[in-house]
């Protein structure tokens with residue numbers, strides 16, 4: 001078992017507190033360059049985009065305390081085996097559950113400009129809009145995860 005001396009523990013906590021950082025100070029996610037490409041405002045909430053087979057997943061939390069945010073609308077779109085990222089049929093939205101988790105099934109993402117990537121947006125208005133463009137490590141991957149930390153407006 002690992003033990004920390006009381007003096008060492010108190011000294012460490014005091015040093016951390018002196019940095020001005022708080023243990024629960026989670027910074028907001030910043031929009032990524034290219035994230036808004038082919039964005040369509042008000043994409044419908046859907047059960048699935050196209051035939052499926054690929055999963056876009058993630059979490060949505062509040063900046064600062066990191067609390068999970070339920071009922072938040074996340075829009076998702078990509079270039080897939082069934083359509084281009086500017087096609088209406090390649091766009092859809094989903095809502096986060098009670099734990100701030102979202103999942104949406106869609107067709108397999110394909111590389112565009114040499115990179116397999118997805119697009120996600122938080123654009124509901126209670127928090128600042130964020131656009132993400134995460135790149136997949138491999139075009140063979142069957143999932144892509146993207147997490148949002150939102151700043152209130």
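Values quoted throughout were computed directly from the atomic coordinates according to the rules given, and no laboratory measurement underlies them. Quantities reported herein were computed from a predicted structural model and do not represent experimental measurements. Neighbour counts run over all protein chains shown; Cβ positions are idealised from the backbone, glycine included.
Here the simple spin-label model places points 7 Å from the Cα toward Cβ, and for residue 153 and residue 113 these points are separated by 2.8 nm.
Given their separation in residues at 0.36 nm each and the Cα-Cα distance between them, residue 88 and residue 31 gain 18.3 nm when the chain is fully extended. Across segment 99-121, the residues whose backbone nitrogen lies under 11 Å from the label position 7 Å along the beta-carbon direction of residue 48 are 105-107.
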